[in-house]
1. I'm trying to understand the selection: among the residues of segment 1-27, which are surrounded by fewer than 13 Cβ atoms within 10 Å (Cβ to Cβ) and touching a residue at least 24 places away in the same chain (Cβ under 8 Å)?
2. Inspect all residues belonging to segment 237-250 and state whether any of them is of a type in the set (D, E, K, R), surrounded by 15 or more Cβ atoms within 10 Å (Cβ to Cβ) and in contact with a Ser or Thr (Cβ under 6 Å, 6 or more places away or on another chain).
3. Only one of Met148, Met157 is without any contact (Cβ under 8 Å) to a residue 40 or more places away in the chain, among the aliphatic types (A, V, I, L, M) and either over 15 Å from Glu222 (Cα atoms) or outside any loop (DSSP other than H, G, I, E, B) (or both); which?
4. Grab the helices (runs of 4 or more DSSP H) fully contained in segment 32-89, keeping just those with 1 or more residues being at pLDDT below 90 and surrounded by fewer than 19 Cβ atoms within 10 Å (Cβ to Cβ).
5. Quick check on segment 126-143. Is at least one of its residues surrounded by fewer than 18 Cβ atoms within 10 Å (Cβ to Cβ) and not in a helix (DSSP H, G or I)?
6. Determine whether Ala94 is within 15 Å of Gly223 (Cα to Cα), in the same structural domain as Lys217 (by TED's automatic domain parsing) and over 16 Å from the mean Cα position of the chain (by Cα).
7. Name every residue in segment 69-91 that is more than 24 Å from the chain's Cα centre (by Cα) and of a type in the set (Asp, Glu), in order of residue number.
Amino acid sequence: MDITTVIGLIAGFSLMVLAILMGGSPGVFWNPPSVIIVLGGTVAATLVNYPLRDVLSVMATLKNAFIHQETQPEGLIEKLVNFATVARREGILALESHASDADDEFLEKSVQLAIDGTSPELIKDVLTTELAFMEERHTMGQSILSTMGTFAPAFGMLGTLIGLIQMLTTLDDPSRIGQGMAVALLTTFYGALLANVFFLPAAGKLRVRTGNELLAKEIIIEGILSIQSGDNPRVVEQKLKAFVAPQVREQVQTGR
């Protein structure tokens, strides 16, 4: 569970609710027509913009913003340096007993390719291809959420126009003016709230997740290629530390 995402969402919505409660009755901020316009319109426009399969798959992608086991680069570097030490002392075939302990499907596949004697060029080609398509899949989820974050305020403005039209057509009946005004203002509020508290931040969090995952996989590719070429573990360590920030390098403990 990503505690920062949960805290951010709870804090965002809680502050809105607190501000509403401090200003008066919260009931005036509930308007079903406004909800229908903003949510219904956003979903409808998203379905027009993307295939149904991609829209449904974003739900699986969205859970990565809340539940995600992030691979720490320092731990990954330590593991690869240990693999390099084993390969240096006992030969690369000795890594076969360690492959299943990798706790990472991509790392396990990379080690297995090296054990099988696959050429470095082919290993890099296979792994970078998988990397590219993983990025493409993740980018689709981010794109859908960003698009919804764009559509929500737009439908909020559309609802505002609808509310103003309703209000102007009922000027001769003061008792109905308030209903049109409520739709006009609350649709803008709903659209801005959904876009800026949920859709756009979720897309941003997924973008960060993708960047971290790409970094981890690039470290794995470089580490496996170095191990296969027979580099000294100390050289492997220095190569991999180049991928991370100086403060992260200080946390790497390889015992070397």
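The values are calculated or read from the model by the stated rules, or taken from the named source; none is laboratory data. Here the structure is a predicted model, which is why all the values come from computation and not from measurement. Note: ideal-geometry Cβ built from the backbone for every residue, glycine included; neighbour counts use all protein chains shown.
1. Filtering segment 1-27 for residues surrounded by fewer than 13 Cβ atoms within 10 Å (Cβ to Cβ) gives 1, 3-4, 6-7, 10-11, 14-15, 17-19, 21-27.
Scanning segment 1-27 gives Met1, Val6.
2. Yes, because at least one residue in segment 237-250 is of a type in the set (D, E, K, R), surrounded by 15 or more Cβ atoms within 10 Å (Cβ to Cβ) and in contact with a Ser or Thr (Cβ under 6 Å, 6 or more places away or on another chain).
3. Working: Met148 fails: without any contact (Cβ under 8 Å) to a residue 40 or more places away in the chain.
Answer to the check: Met157.
4. In segment 32-89, 32-35, 52-62 are the helices (runs of 4 or more DSSP H) which contain 1 or more residues that are at pLDDT below 90 and surrounded by fewer than 19 Cβ atoms within 10 Å (Cβ to Cβ).
5. No, the conditions are met nowhere in segment 126-143.
6. no
7. Glu78, Glu90, listed by residue number.
A quick yes/no check of all residues on (1) in a loop (DSSP other than H, G, I, E, B); (2) acidic (Asp, Glu); (3) closer than 30 Å to Ile37 by Cα:
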{"residue": "Leu193", "(1), (2), (3)": "no, no, yes"}
{"residue": "Asn196", "(1), (2), (3)": "no, no, yes"}
{"residue": "Phe199", "(1), (2), (3)": "no, no, yes"}
{"residue": "Ala203", "(1), (2), (3)": "no, no, yes"}
{"residue": "Arg209", "(1), (2), (3)": "no, no, no"}
{"residue": "Glu218", "(1), (2), (3)": "no, yes, no"}
{"residue": "Gly223", "(1), (2), (3)": "no, no, no"}
{"residue": "Arg234", "(1), (2), (3)": "no, no, no"}
{"residue": "Gln247", "(1), (2), (3)": "no, no, no"}
